[in-house]
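Asks: Starting off with a structure, shown below.
The values are calculated or read from the model by the stated rules, or taken from the named source; none is laboratory data. All figures in this text were calculated on a predicted structure; none of them were measured in a lab. Using ideal geometry, Cβ is built from the backbone for each residue, glycine included, and neighbour counts are taken over all protein chains shown. Accessible surface is based on the protein model in full, side chains and every heavy atom, while ligands, DNA and RNA are left aside. Shrake-Rupley method; radii C 1.70, N 1.55, O 1.52, S 1.80 Å.
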Amino acid sequence: MANNVDRANHLSDPLITLSGFVRVRVHNIALTMGCCSNWSPTSKRLCALGSTTGLCVFALVLGLVWPALIWEIAKQEFVLEPGTEVYENWIDPPIDTYLEIFLWNWTNAAEYRTEKPHLEELGPYTFVERHERVNLVWNDNDTLTFQQRRIWHYLPERSVGNYETDRVITINPVLLTVGYALRNEPEFLFYVDGIITGNNLATTPFYDVLVREMIFEGYDDLVLTSLLALLELIPEESRPPIDLPPYDRFGWFFGRNGSESYDGTFTIGTGKDNVHNTGLMRLWNGANATDYYRGACGQIRGTTGEVWPPWGRTLSGTPPNVSVFAPDVCSSVTLQYAEEMERYGIDGLRWIGNDRVFDNGVHYEESRCQCTAEDESTCPVLDNGSMDVSRCKFGAPATVSFPHFYLANESYLAGVSGMKPNEKEHRFEMELEPYTGVPLGVKAQLQVNLNVRQYGMSLLKDIPEVMLPVLWFRQTATLTDELADDIKLILILPDIGVYVAYALGAIGIVGLVLAVYFSVTRWKLQSTAAPSTAEAKQALD
């Protein structure tokens with residue numbers, strides 16, 4: 001972690017002050033006891049009882065105050081503003097994030113009229129992912145507005161297959177998008193379909209392209225470029241309800257590498273007003289809700305997954321659910337608390353994605369707002385396990401699920417072959433250290449599917465009606481040894497003062513017992529048995 005030594009010294013200042021105070025205190029007690037040797041018995045009793053009682057009171061106060069004192073100091077580092085540890089790690093992440101992309105290859109596409117799709121998993125094609133925050137604006141209401149660039153670099157040593165030469169066969173997503181967007185505009189659909197077939201803009205319902213084109217480089221698609229040119233010729237008020245990607249090439253991640261605008265504009269809490277607001281989403285693209293989903297499903301909530309508010313020592317009972325806002329689905333993913341865990345010797349908590357995440361209201365009423373049908377009375381439209389993100393993805397008939405349709409309805413698995421859902425491999429996980437809110441590990445994974453139908457397109461005639469997986473990705477990040485040591489230091493500081501208080505309290509109690517003992521035995525006997533100087537002189541006379 002950046003500036004580990006400075007931060008460690010900063011957080012340990014109270015401990016140094018405490019140790020110095022204890023040394024002085026003990027030294028003074030020792031001097032006092034030494035000086036007490038020539039005092040009267042009454043003075044000795046007062047000195048001993050007062051010193052030991054004071055030590056016990058100090059130990060009690062220290063044990064009660066120290067954890068709160070450390071928490072107050074630590075909270076200053078949990079605010080998103082220049083100079084704090086959280087900000088420095090957010091603006092320049094000290095750990096690497098990896099993106100693994102798997103593509104689904106339709107191996108029997110030539111027999112699509114007679115056989116259900118058989119899919120072969122290609123990859124992973126692995127990339128290291130770096131985040132850059134740009135256009136930062138601190139607002140008066142203790143929030144921070146920014147955009148982010150996500151930059152990916154290919155890692156052949158962590159990949160399976162050949163990113164440069166591997167090919168993938170899948171459904172043509174542009175054809176599907178056109179058909180889906182114009183499904184309620186039959187006259188315009190007939191016109192566009194005639195342009196496509198009449199000009200041989202496409203001759204097959206499939207893509208057979210290089211993997212690198214399908215992911216980042218993009219593929220030249222005549223349907224896409226021709227329709228974009230056509231739409232430019234039509235007055236805006238007369239254009240059909242079709243929302244194509246604003247690019248001249250198609251690729252699932254095309255135009256995203258290094259873009260500062262693709263993910264949108266985020267506004268999050270800095271925590272300056274209250275540390276429990278650190279990193280919480282307030283607005284996305286200037287709004288506190290999206291119009292892609294109804295009600296709570298459209299609300300902007302949770303964090304971006306990288307900065308979490310610390311709970312401190314206030315967390316008790318069963319931890320609450322947590323939400324991660326995902327711009328890829330224009331919504332938040334709410335994770336269920338699962339269990340306690342340990343990583344690098346640090347106790348943490350784990351949250352997972354369960355069947356509620358993409359339920360569509362089939363089993364959980366609160367997820368009914370995921371349905372995007374115009375007529376709410378027709379909801380749910382989709383089976384549970386796959387959420388409609390068409391309005392979020394340029395009007396494509398796309399859905400999002402867990403990889404391999406993990407936790408999804410059996411109907412999705414029945415439509416294709418090649419799926420092997422597995423909890424260990426395909427579960428969405430988030431691990432946090434609750435006191436600091438520091439992520440210990442994350443395994444965020446989602447699958448993109450296309451709702452394949454004929455949609456009145458000539459080239460899609462006889463295409464099987466299935467929910468077709470096209471790719472899935474896994475985003476991982478794990479705490480490093482260096483960061484783990486840093487967190488351990490923060491976690492142990494509140495306990496050190498308590499342990500010192502125990503030790504001082506034990507010393508004080510022992511000293512108090514001895515003081516009482518000497519007060520009622522030796523010093524009392526001396527005061528009774530030993531005559532005063534005046535009495536002795538009188539006796540001699």
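Asks: Beta carbons within 10 angstrom, averaged per residue: use that to sort the peptides 170-179, 503-512, highest first.
Replies: My ranking of the peptides, most packed first, is 170-179, 503-512.
Asks: Given Cβ point charges of +1 (Lys, Arg) and -1 (Asp, Glu) and nothing else, what value in debye, to the nearest 20, does the dipole of the chain about its Cα centre take?
Replies: So the magnitude is around 2660 debye.
Asks: Would you work out the relative contact order for the chain, in percent, from Cα pairs under 8 angstrom that are 6 or more residues apart?
Replies: 18
Asks: Roughly how many whole Å is it from the C-alpha centroid of region 206-275 to that of region 101-174?
Replies: 14
Asks: Right, another one. Put +1 on the Cβ of each Lys and Arg and -1 on the Cβ of each Asp and Glu in the chain; which of 241, 86, 268 then has its Cα farthest toward the positive end of the dipole?
Replies: Value: 86.
Asks: Next question. Using the Cα gyration tensor of the chain, with a ≥ b ≥ c the square roots of its eigenvalues, what is the shape: rounded (a/c below 1.5), prolate (a/b larger than b/c) or oblate (neither)?
Replies: In terms of gyration-tensor shape, prolate.
Asks: A further question on this structure: Percent of accessible area on the chain owned by carbon and sulfur, 1.4 Å probe?
Replies: Of all accessible area on the chain, carbon and sulfur atoms account for 54 percent.
Asks: For the chain, what is the accessible area per residue in Å², given a 1.4 Å probe and the full set of protein chains?
Replies: Result: 48 Å² of accessible area for each residue.
Asks: Going through the DSSP H helices of the chain, which span 30 Å or more along their own axis at the Cα atoms while scoring at least -0.5 as a mean Kyte-Doolittle hydropathy?
Replies: 4-35, 41-75, 481-520
Asks: What is the Cα centroid distance between region 305-340 and region 54-83, reported in whole angstrom?
Replies: Taking the Cα centre of each part, region 305-340 and region 54-83 sit 26 Å apart.
Asks: Lysine pairs in the chain with Cα distance under 22 Å, only those 8 or more apart or on different chains: how many are there?
Replies: The result is 7.
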